1. What residue, of LEU34, LEU82, is crowded, with 16+ Cβ neighbours inside 10 Å, closer than 18 Å to ALA155 by Cα and within 21 Å of the chain's Cα centre (by Cα)?
2. Pick out the one residue from GLY156, GLY177 that is closer than 26 Å to THR200 by Cβ, crowded, with 18+ Cβ neighbours inside 10 Å, at pLDDT 95 or above and of a type outside the set (A, V, I, L, M, F, W, C).
3. Which residues, taken from segment 83-105, are of a type in the set (D, E, K, R) and assigned to a helix (DSSP H, G or I)?
4. For segment 39-79, which residues satisfy the criterion of being hydrophobic (A, V, I, L, M, F, W, C), under 30 Å from PHE166 (Cβ atoms) and loosely packed, with under 14 Cβ neighbours inside 10 Å?
5. Yes or no: segment 172-191 includes at least one residue that is under 30 Å from LEU96 (Cα atoms) and aromatic (Phe, Trp, Tyr).
6. Here are the criteria: (1) under 28 Å from ASP201 (Cα atoms); (2) not in a helix (DSSP H, G or I). Tell me which single one THR108 does not satisfy.
7. Any residue that is under 14 Å from the mean Cα position of the chain (by Cα), more than 24 Å from ARG39 (Cβ to Cβ), assigned to a helix (DSSP H, G or I) and polar (S, T, N, Q) - is there at least one of those in segment 167-181?
Amino acid sequence: MPAFGPEYHRLPSPDIGRRLLVIGPLLLLAGVLLALWVRSGIDAANARDLGLNTWFHDRADTTGPLRAIALSVSWIGSGEHLVPIEMAFVAVLAMLRRWRWAAFVAITALGGHLLSNLTKHLVMRPRPPWFVLHEGQSAAMFPSFPSGHTTAGMAGIAAMAIALWFLLRRPWATILGTAVGLIALMQGPSRLLLAKHWITDVLGGLLFGTAWLLIVSGAFLVRLAPRQPREPVEAGSSPS
């Protein structure tokens, strides 16, 4: 049955979806321009970022709980952990016959991973100086721009948060949707605190991940979202 009623959060209208289909491509264009700017002068970009990166690195080094939170958030956002979580989430939606929502989460998550990995290997930016390579690893295996955690956070993790927000009944929809949404938003700061990415890597991840999320969300609202019943007109009132 569709998730309609006062105990559920109400889906935005198709008109909102059309606006998202304008904003999303603009953010994607901004991400592409940032990638070209970084690629055109990688050493200069690294020098510009170094001051802010050092500040974040020092905060984590002097604040144990902050580093512990960053490690936990980053663990969730790593591909080896996040991809199975996303696959399990989509599988549960499919078993519950929430086909449209399963497609929404799957397309958003997959597109976020592909967009991040493709851009990484086109820009080929080296990691910050604190990034430690283990024996047998090459720096070329870990290009830095954009942050994959941040891109996946704003795409796949945020898509799961949105699905929870609209599919579950209140108050669980609000509690779980907000909690997962916070995990998505914290991916970028966690990578800075752990000194795994330059600050413009995180900005690029925010642009690419958010752009793809908005594009898929807009298309979903316009084409695939189940239509909610209109609000009943009270007796004696005229429709607006």
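The values are calculated or read from the model by the stated rules, or taken from the named source; none is laboratory data. It should be emphasised that the depicted structure is a prediction, and the values quoted were computed from it without experimental measurement. Here Cβ is always computed from backbone atoms with ideal geometry, including for glycine, and neighbour counts include all displayed protein chains.
1. Values: LEU34 fails: closer than 18 Å to ALA155 by Cα.
The conditions single out LEU82.
2. GLY156
3. Residues of segment 83-105 that are of a type in the set (D, E, K, R), as a first pass: 86, 97-98, 100.
Within segment 83-105, GLU86, ARG100 meet the criteria.
4. Across segment 39-79, the qualifying residue is only TRP75.
5. Yes, segment 172-191 contains at least one residue that is under 30 Å from LEU96 (Cα atoms) and aromatic (Phe, Trp, Tyr).
6. Among (1) under 28 Å from ASP201 (Cα atoms); (2) not in a helix (DSSP H, G or I), the lone unmet condition for THR108 is (2).
7. Yes.
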